[in-house]
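**Q** Pasting a structure here, questions to come.
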Amino acid sequence: MKKYNTLVVVGSQWGDEGKGKITDYFSQITNLVVRYSGGDNAGHQINFNGEKHKVRIIPSGIFNRNVVNIIGNGCVVNLEQLNEEFDMIKKTFINHGTLLISNRAQLVLPYHIQIDEAQELARGKNKIGTTKRGIGPAYQDKVSRSGIRVGDVGLPNFKEKFKKVWEYQKVFLKKMFDVEIVDFDHTYNSLIENYKKIKEQVIDCGEYLESAIKEGKKVLFEGAQGAMLDIDHGTYPFVTSSNCSASNVALGSGISFKYIDSVLGVVKAYSTRVGAGGFPAELLDEIGDGIRQRGNEYGSNTKRPRRVGWIDLVALRYAIRSSAIDKIFITLLDVLSGLDEIKLCTSYKMEDKSISSPPPTAEEFEKCEAVYLSTPGWKEDITNVKSFSELPDAAKNYLKLIEKFCEINVAGFSVGPDRKQTVLLEEIF
Ligand code: GDP
Ligand code: IMO
Ligand code: MG
């Protein structure tokens with residue numbers, strides 16, 4: 001039941017599901033877009049009017065003039081990167097929306113990037129394959145209570161406070177990894193310069209949102225990464241360092257969870273994963289290579305080739321439960337055109353046992369083999385399809401199988417990267 005005009009858009013797999021595109025699409029009818037977790041480890045590509053744009057930390061509603069975009073307290077923010085990103089948007093897109101930043105968001109500082117790199121090196125063959133943007137170390141500092149928040153930078157005694165933190169990080173980097181920390185004066189001066197550029201945009205996010213929601217404004221909460229990369233519910237330890245699941249919306253934006261009306265899970269028509277970790281439905285053959293090429297499955301920022309696999313309905317059912325997903329939106333359906341057969345992973349086999357939910361440990365997850373259901377593919381180009389009825393029967397059947405095995409409705413699908421290549425099947429917001 002719709003009570004407040006709020007919607008969560010959350011990734012339901014291992015990230016890169018097309019959340020940015022779907023958020024941008026709904027931003028056309030939204031007042032506010034709020035990021036509630038993650039940092040510039042995210043990378044979203046948004047295409048419209050023949051233009052291609054990228055965002056990392058800025059919410060994907062920024063390409064709509066009337067939208068207020070907020071970086072919530074659950075995020076970690078590299079102010080230098082944020083300013084670079086916003087400057088680029090201002091240069092290339094005049095009618096951009098407003099950007100605000102929570103005073104409680106944690107900062108990603110240059111030494112976090114140094115620690116991220118050093119930790120990955122130390123992990124050797126067990127490395128996670130992080131984006132090396134300092135995300136994990138920034139969240140580590142948040143939890144160990146030695147982080148710096150956006151609101152701290154404006155305080156009169158900030159330099160002293162920052163110096164103490166920097167001294168600690170200097171010893172940590174030297175003793176743990178034999179790495180020299182970045183220069184204090186340079187780091188401090190650059191932080192102050194970058195803070196000055198955004199200081200008028202710093203707000204109390206929870207307070208701001210509470211009044212907006214009560215006024216009946218439409219608020220979209222944009223997830224980064226995906227449910228299977230969630231620090232608690234994902235494929236730990238091959239996950240990111242934040243709760244990207246929809247359950248974190250309230251904590252990561254400072255509102256009551258009672259204000260959340262509904263959750264839309266964005267689901268790629270197949271699976272991809274960047275970085276290490278189990279991937280039962282992975283395709284290591286020419287079918288996978290073909291999907292990677294057609295789907296342009298290379299990191300939007302890091303350019304790393306994404307690992308590709310068939311859709312994993314075991315992981316998806318789990319994400320639907322852990323993120324309280326009400327409806328799903330299938331993206332990149334066009335990429336599957338041309339295949340003779342398409343497979344759906346419906347359960348796993350682990351040491352001769354059939355299991356229907358991802359096991360908790362990485363060791364067990366690595367042992368899981370996908371059990372597939374096979375369905376005929378379609379040859380037609382579907383990139384101009386505008387309704388469900390225009391889809392080839394095999395594509396209709398594919399969507400119906402996903403609905404059946406996950407006991408959920410497909411609320412829409414996407415047949416190309418452009419804003420217009422989006423088919424909405426029911427009103428959800
Ligand atoms: P996000 O991180 O979830 O926002 O996803 P990314 O932007 O990292 O990756 C999704 C990629 O697929 C981007 O390059 C999009 O432009 C592209 N994309 C989104 N939807 C579709 C679609 O329906 N078809 C095709 N072919 N590409 C799409
Ligand atoms: P979007 O929002 C895909 C992955 C990294 C690595 C792991 C930990 O574009 O979907 P981190 O730098 O967060 O410590 O890396 O998480 N990862 C993503 N994979 N899409 C993302 O974001 C990701 N953000 C992090 O590849 O495996
Ligand atoms: Mg991405």
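The values are calculated or read from the model by the stated rules, or taken from the named source; none is laboratory data. Predicted model, so just to flag it, every value in this text is computed and none were measured. Cβ sites come from the backbone with ideal geometry, for glycine too, and all protein chains shown count toward neighbours. We work out accessible area using only protein heavy atoms, side chains counted, and drop any ligands, DNA or RNA first. Shrake-Rupley method; radii C 1.70, N 1.55, O 1.52, S 1.80 Å.
**Q** Below 12 Å, Cα to Cα, which aspartates and glutamates can Lys379 reach? Residues fewer than 8 away in the same chain don't count.
**A** Asp334, Asp340, Glu341, Asp393
**Q** A further question on this structure: Assigning unit charges at the beta carbon (Lys, Arg +1; Asp, Glu -1) and nothing else, what dipole magnitude in debye, to the nearest 20, does the chain show about its Cα centre?
**A** In total the dipole reaches around 840 debye.
**Q** Kindly express, to the nearest 10 degrees and within the range 0 to 90, the angle between helix 110-123's C-alpha long axis and the longest C-alpha principal axis of the chain.
**A** Helix 110-123 sits at roughly 50 degrees to that axis.
**Q** In addition: Under 8 Å for C-alpha pairs, at least 6 residues apart: give me the relative contact order for the stretch 260-395, rounded to a whole percent.
**A** Once normalised by length, the contact order is 27 percent.
**Q** Counting Lys +1, Arg +1, Asp -1, Glu -1, what net charge surrounds Thr346 among other residues with beta carbon under 12 Å of its beta carbon?
**A** Its environment carries a net charge of +3.
**Q** Taking only Cα atoms, what is the 0 to 90° angle, nearest 10, from helix 313-322's long axis to the longest principal axis of the chain?
**A** Orientation of helix 313-322: about 50 degrees from the principal axis.
**Q** Tilt of helix 205-214 relative to the longest C-alpha principal axis of the chain, in degrees (0 to 90, nearest 10)?
**A** Approximately 50 degrees, to the nearest 10.
**Q** Residue by residue through the stretch 347-354, what is 3J(HN,Hα) from phi via Karplus (6.51 cos²θ - 1.76 cosθ + 1.60, θ = phi - 60°)? Round to whole Hz and write x for glycine and proline.
**A** Going residue by residue, I get 7, 10, 10, 10, 6, 6, 9, 8 Hz, with x marking Gly and Pro.
**Q** Send over a whole-number figure in Å² for the accessible area per residue of the stretch 106-197, probe 1.4 Å.
**A** For the stretch 106-197, the solvent-accessible area averages 56 Å² per residue.
**Q** Pull up all non-local amide H partners of Ile70: gap of 5 or more, or a different chain, and H-to-H distance under 5 Å with H placed in the peptide plane.
**A** Val33, Val34, Arg35, Leu100
**Q** May I ask which of Lys127/Lys353; Lys125/Lys175; Lys127/Lys161 have a Cα-Cα span longer than 27 Å here?
**A** Lys127/Lys353; Lys127/Lys161
**Q** Express the carbon and sulfur contribution to the solvent-accessible surface of the chain as a percent, rounded to the nearest whole number, probe 1.4 angstrom. Numbers along the way, then the final one.
**A** On the way: 9250 of 18500 Å².
Carbon plus sulfur share of accessible area: 50 percent.
**Q** I've got another one for you. Please report the antiparallel percentage of the DSSP beta bridges confined to the stretch 280-429, to the nearest 5. Mind dumping the intermediate values first?
**A** Numbers: 16 of 22 bridges.
Once the DSSP bridges in the stretch 280-429 are tallied, antiparallel ones form about 75 percent.
**Q** So which trypsin sites (Lys or Arg not before Pro) in the stretch 382-416 are both in a DSSP loop and have at most 13 other Cβ atoms within 10 Å of their Cβ?
**A** The qualifying sites are Lys386.
**Q** Which percent, nearest 5, of DSSP beta bridges in the chain are antiparallel?
**A** 40
**Q** May I ask you to list the GluC sites (Glu not before Pro) in the stretch 143-198 that are in a DSSP loop and have at most 15 other Cβ atoms within 10 Å of their Cβ?
**A** Glu180
**Q** Please list 3J(HN,Hα) in residue order for the stretch 131-138, calculated via the Karplus relation 6.51 cos²θ - 1.76 cosθ + 1.60 where θ = phi - 60°; whole Hz, with x for glycine and proline.
**A** 7, 6, 9, x, 5, x, x, 5
**Q** In addition: Scan the stretch 1-107 for trypsin sites (Lys or Arg not before Pro) in coil per DSSP, keeping those whose Cβ has at most 13 other Cβ atoms within 10 Å, and list them by number.
**A** Here the trypsin sites (Lys or Arg not before Pro) that fit, given the DSSP loop and packing criteria, are Lys2, Lys3, Arg65.
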